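Report on the following structure.
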Amino acid sequence: MKSVSYQQLQTAGESIAVQATDSFEFAIMQIWEQINTTVIYDNELTLLAQERYQNSVSAQEVYSRLRNIKLGSPYITAVYLYSQKEDRFLDADKGCSYLSEDFLDPAIHDTASSRYITSVPPHLVRFSHGEETVLCYTLVVPLLHYAAQTGFSLCIQIDLDKLYADILGDKQSNGMELYLCSKDGIVLAAQDRSVLGEKLAELEEKLTEPSPLDLILGRKGMMWAKTWSEELNWYFYMQMPYEVKIPDIFNTYAILWGILLAASVIIVIAYILLNFLMRPFHEAVLELNEKHLKELLTDSFSNPDTLEKMGSFKEIFPCPCLQIIVMDSLHNLEDFSRSSLSVIEALKDRYSLKIFPMSMAGNRIALICNYDQKIWTTDTENAFLRQLLTDMDCLYPGEAYLALSLQKTNVSQLPLAYKECEEIQNYKLYMKNRILHYKELAGKRLTLSYPTELEKQLINNLLVGNQEGCALYTEKFITYLLDNEAIFLDNQIANAIFQMQNEILRRISSLPLSVNTVSLATLPEKPTRNEVRDFVEEFICYLSDKIVKKNEKNESLLNQSILEYIDAHFVDESFNLNQISYQFNLNRNYLAKLIKEETGQSFNEYINQRKIAVAKDLLLSTKLSIEEIAHQTGFSYSHYFIKIFKSREGITPGQYRDTYSGNRNAPE
């Protein structure tokens, strides 16, 4: 109750601080608006100030207008008009002017001469000898209409002492203090002049939050409330005294509370002693239960009275839903089971889940989960599994693999659930996140059909040294094995990789190429997905580098053979890039790249150039029709031939024949 009372006092204090901040903002912003109105609409003030030496009426009018500005707010303590040209201040109160070196408040001079709308932070000012200093905040606004010519600025000093007194009122007598601070925590204004310029952090160190003991004893203290003014760019800190009081009636129950506390301590001690004495019995019961649960999961009861054991298990699992999670070590590490049990125990408490963990053969952990489906949602399950993997990775990075059975509703179905998890562990390479639910296997498990066509394309690109093609079909081969819509067993994937490796080595054995098979990397016995990918990529990369180096000497000969084949067949209507690709057993993209490098033109551009050259010769040397020439030069349709001819020559075939027939100077 004392804590609640303290919070209520603190809320009230924060409300007072907000009110004080709003009051300061309102008063100062009203003065800002008054000054802005004068600057915008009083166009004659500057002219009167300029003429004051020539005309006494103008001088009186200047000081009269400045005094009117002062009368606009009770918090304005002084109004000055600064002339940058004369470096002189006109004083509204005294009706005279001062040179800057004689002016009472030198802090204003540098700010006023800047000719920008700005302000002078709160500081102490003594208006005349013998007078008490006043805490002032000065607003500086240039006269906009004539600032560019004469440089006059209005300087308005606000009496913060008076503003403090009016806003805080009787709150000061209650011990409240208000501090105005800059962004960097320097005290700009306060009732206590001695703290001006100090860091607020040093004042805060003297005030601390009340401890529970302070509240219980009802001690007095000071609290802080802090607000930020967007308009003024100041922090307002309100320091307030507090004293927490509650009715004395509660103190009469101190003896009762003491008795209850003593009774609670006795009960806790008795509970600890009882647990200590019963520990051997509990350990024996747990060991027996674990033995029976292992027999249940593996369907290997030593006692044929299975049904009776099933009945006792039903009492152990009170919730309607059962599920088994099996966690396997990829490499059968020692101590994996023991370390895993400690991690699982910690997670069990965090997720309030009823779990029965058991160490199985081969460093395998089986978790029997018993839960209410309304509480144990899919999101909660996923969060638990991810956290389990994360915690295990801290001990054994990348070793743990999780298999989840289907949900069961009867204890007698637990052996089936465990077999489902055992089956899942044969698909570790399919587990992208090392977690696999048995329901994902339904309808997906297929016998691996070896990707013969991918292997053929990979070998063809490898034999000609096309490294880009090798990379492309290597990725397709890996994707087929690891990211297929079907799910393949780990040993099926390993066998497919060995088959691909053996076929490639057999095919390149006929090449004049020396391959050191001993230096080739070998696939680990139990690889991860990344290890499978790295092995295949390194194997293909090693061989392609060897073949590329061999083919560098024969590359020009191959290119020449391709161009000779094109020259012999380009007028065939069925001639295309695929035909050449099949003839030379090359990837069509790689082939197109070779032609581009050799001729400087794309395949289609080069073929059309050759066809148009033959067509031009036939147009001038024969009387064949346009359609016949189109077919003889490999164009299936005459209109397409005309279109290509015109795009290259600028005229149609008929116009070309009419223009250059019998002319030996026809263009090549």
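Where only protein heavy atoms count, and the probe is 1.4 Å, what is the accessible area per residue for the range 372-508 in Å²? Provide the component values of the computation, followed by the final result.
Numbers: 6450 Å² over 137 residues.
That works out to 47 Å² for each residue.
So what is Rg over Rh here for the range 438-509, counting just Cα atoms and using Kirkwood for Rh? Walk me through the numbers before you get to the answer.
On the way: Rg = 13.6 Å, Rh = 13.1 Å.
Ratio of gyration radius to Kirkwood radius: 1.04.
Taking 0.36 nm per residue of separation and subtracting the Cα-Cα distance, what length does fully extending Val548 through Arg506 add?
Details: separation 42, 0.36 × 42 = 15.12 nm, distance 1.80 nm.
Length gained, Val548 through Arg506: 13.3 nm.
Share of the range 1-156's accessible area from carbon and sulfur, percent, 1.4 Å?
Accessible surface attributable to carbon and sulfur in the range 1-156 totals 52 percent.
Leaving ligands and nucleic acids out of the surface, order Thr298, Thr652 by accessible area at 1.4 Å, largest first.
Numbers: Thr298 65, Thr652 35 Å².
Accessible-area ranking of Thr298, Thr652, largest first: Thr298, Thr652.
With each pseudo-label sitting 7 Å past Cα toward Cβ, what's the Arg445-Tyr116 distance in nm, one decimal?
7.7 nm
Estimate the FRET efficiency between Glu525 and Leu274 by the formula 1/(1 + (r/R0)^6), using the beta-carbon distance for r and 45 Å for R0, to the nearest 0.05.
Working: r = 51 Å, r/R0 = 1.14.
E between Glu525 and Leu274, to the nearest 0.05, is 0.30.
Computed FRET efficiency, Cβ-Cβ of Ser359 and Asp534, R0 30 Å: what is it to the nearest 0.05? Please list the in-between numbers first.
Numbers: r = 33 Å, r/R0 = 1.09.
About 0.40, to the nearest 0.05.
Kindly write out, for the range 532-547 in residue order, the coupling ³J(HN,Hα) from the Karplus curve 6.51 cos²θ - 1.76 cosθ + 1.60 (θ = phi - 60°), rounded to whole Hz, with x marking Gly and Pro.
Going residue by residue, I get 5, 4, 4, 4, 5, 5, 5, 4, 5, 5, 4, 5, 5, 4, 4, 6 Hz, with x marking Gly and Pro.
First compute the accessible area of the range 414-499 with a 1.4 Å probe, then give the percent of it belonging to carbon and sulfur atoms. Don't jump to the answer; show the numbers that get you there.
Working: 1940 of 3860 Å².
The computed percentage sits at 50.
So the label point goes 7 Å from the Cα of Ala346 along Cα→C-beta, right? Which residues of the range 376-399 then have their backbone N under 20 Å from it?
Those under the cut-off are 381-399.
Using a probe radius of 1.4 Å on heavy atoms only, what accessible surface per residue do you get for the range 1-116? Whole Å² is fine.
Working: 6100 Å² over 116 residues.
That works out to 53 Å² for each residue.
Based on alpha-carbon centroids, what's the gap between the range 599-661 and the range 62-112 in Å, whole number please?
95 Å
How much of the accessible area of the range 523-632, in percent, comes from carbon and sulfur atoms when a 1.4 Å probe is used? Intermediate results must be reported in sequence, preceding the final value.
Details: 2820 of 6120 Å².
Carbon with sulfur: 46 percent of the solvent-accessible area.
Treating the range 411-550 as a set of equal point scatterers at the Cα positions, no solvent, please give the Debye-formula log₁₀ I(q)/I(0) at q = 0.11, 0.12, 0.17 Å⁻¹.
Normalising to I(0) and taking log10 leaves -0.47, -0.54, -0.92.
Quick one: if you stick a label point 7 Å off each Cα along the C-beta vector at Leu99 and Ser621, how many nm between them?
10.9 nm
Which value in nm describes the separation of the simple spin-label points at Asp22 and Trp257, placed 7 Å from the Cα toward the beta carbon?
Label at Asp22, label at Trp257, 3.8 nm between them.
Please turn the phi angles of the range 592-606 into ³J(HN,Hα) values with the Karplus equation 6.51 cos²θ - 1.76 cosθ + 1.60 (θ = phi - 60°), one per residue in order, whole Hz, x for glycine and proline.
Per residue, the Karplus-derived 3J(HN,Hα) values read 4, 5, 4, 5, 4, 5, 7, 9, x, 10, 6, 4, 5, 5, 5 Hz.
Among all the lysines, which ones have a C-alpha under 18 Å from Lys226's C-alpha, if same-chain residues fewer than 8 places away are not counted?
Lys171, Lys183, Lys199, Lys206
Assuming a viscosity of 1.002 mPa s and a temperature of 20 °C, what translational diffusion coefficient in µm² per second does Stokes-Einstein assign to the range 34-141, Rh being the Kirkwood radius over Cα pairs? Don't skip to the answer; put the middle values down first.
Values: Rh = 14.5 Å.
It comes out at roughly 148 µm²/s.
With viscosity set to 0.890 mPa s and temperature to 25 °C, compute the Stokes-Einstein D of the range 68-115, Rh being the Kirkwood radius across alpha carbon pairs; µm²/s, no decimals. All intermediate terms of the calculation are to be shown ahead of the outcome.
Numbers: Rh = 11.3 Å.
So the translational diffusion coefficient is about 217 µm²/s.
Round to the nearest 0.05 the FRET efficiency obtained for Ser661 and Asp572 when R0 = 25 Å and r is the Cβ-Cβ distance. Please report the intermediate quantities before stating the final value.
On the way: r = 28 Å, r/R0 = 1.11.
Once rounded, the FRET efficiency stands at 0.35.
Enumerate the amide H contacts of Thr77 below 5 Å, restricted to partners 5 or more residues apart or on another chain; note that Pro and chain-start residues carry no placed amide H.
Those lying under 5 Å, H to H, from Thr77 are Gln157, Ile158, Asp159.
The values are calculated or read from the model by the stated rules, or taken from the named source; none is laboratory data. Source: prediction; values computed, not measured. Quick reminder, even Gly has a Cβ in these numbers, built from the backbone with ideal geometry, and neighbours come from all protein chains shown. Each accessible area value is taken on the protein alone, full model and side chains, heavy atoms only, with ligands, DNA and RNA left out. Shrake-Rupley method; radii C 1.70, N 1.55, O 1.52, S 1.80 Å.
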